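Undergrad: My structure is below; once you've seen it, I'll send some questions.
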Amino acid sequence: MKTLLLSLAFVAGTLTLHAQDRPSAVPGQTYGEKITEKGAIDIKELPKLIAKSENGKVQTKIRAKVLEVCSKKGCWLNLELDDKQTVFVKMKDYAFFLPDDAVGKTLILEGEAFEKVTSVNELKHYAEDAGKSQEEIDQITEPQKSIRFMASGIVVPKK
């Protein structure tokens, strides 16, 4: 009986936590390391910076529009690079998350940019996190080379 009551209490607590909304992404809000807007470059500069770097990685601060946020936790983002490409962002050490309402907003991100080839399994995992249909997930059949960004800090600009 004691085990049953503990189990029910655990389930009720878990459901309560999951029912709570993540806070809103409001101007001035920071996530991860505290950073400022100063010195941020436009995300469109990233490909050139990576190409010029000796090791294919570059520490930088970028300004970019959010196209998509992981709907499960806010643990990854897709940023608009241009009409055809996005930049995939993960949070350093899985230490912080972003709210859903960051979609459509312009953010300042500080961290490391690099190119990566993403496996089919990883791409399918991200598609599931994004709530894509099984048909869309099944269409992922090839690895994809893209620009990645490991964010150490993010701020919602006040402007």
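Undergrad: When you go through (1) more than 16 Å from VAL155 (Cα to Cα); (2) without any contact (Cβ under 8 Å) to a residue 60 or more places away in the chain; (3) surrounded by fewer than 17 Cβ atoms within 10 Å (Cβ to Cβ); (4) in contact with a helix residue (DSSP H, G or I) (Cβ under 9 Å, 6 or more places away or on another chain) one by one for CYS75, which number turns out not to apply?
TA: Failed condition: (1).
Undergrad: Find the strands (runs of 3 or more DSSP E) located wholly in region 43-157 whose residues include 1 or more that are within 18 Å of GLY28 (Cα to Cα), and list them.
TA: Numbers: elements: 57-69, 76-80, 86-91, 106-118, 144-155.
Of the strands (runs of 3 or more DSSP E) lying wholly inside region 43-157, those with at least 1 residues that are within 18 Å of GLY28 (Cα to Cα) span 57-69, 106-118, 144-155.
Undergrad: Considering GLU80, GLU33, GLU54, GLU37, which residue is more than 17 Å from GLU110 (Cα to Cα) and of a type in the set (Asp, Glu)? Walk me through how you get there before you give the answer.
TA: Working: GLU80 fails: more than 17 Å from GLU110 (Cα to Cα); GLU33 fails: more than 17 Å from GLU110 (Cα to Cα); GLU37 fails: more than 17 Å from GLU110 (Cα to Cα).
Just a single option satisfies the conditions, and that option is GLU54.
Undergrad: Across region 34-50, what is the total count of residues that are exposed (fewer than 13 other Cβ atoms within 10 Å of the Cβ) and not charged (D, E, K, R)?
TA: 1
Undergrad: Looking at region 83-131, which of its residues are on the phi > 0 side of the Ramachandran plot and either surrounded by 14 or more Cβ atoms within 10 Å (Cβ to Cβ) or in contact (Cβ under 8 Å) with a residue 60 or more places away in the chain (or both)?
TA: Correct list: GLY111, GLY131.
Undergrad: So GLY74 passes all but one of these: (1) over 24 Å from HIS125 (Cβ atoms); (2) at pLDDT below 95. Which condition number does it fail?
TA: Every condition holds for GLY74 apart from (1).
Undergrad: Do you know which residues across region 105-118 are at pLDDT 95 or above and not acidic (Asp, Glu)?
TA: Scanning region 105-118 gives LYS105, THR106, LEU107, ILE108, LEU109, GLY111, ALA113, PHE114.
The values are calculated or read from the model by the stated rules, or taken from the named source; none is laboratory data. The shown structure was predicted, so the numbers you read here are calculated from the model rather than taken from an experiment. Glycine also receives a Cβ, built like all others from the backbone with ideal geometry; neighbour counts cover every protein chain displayed.
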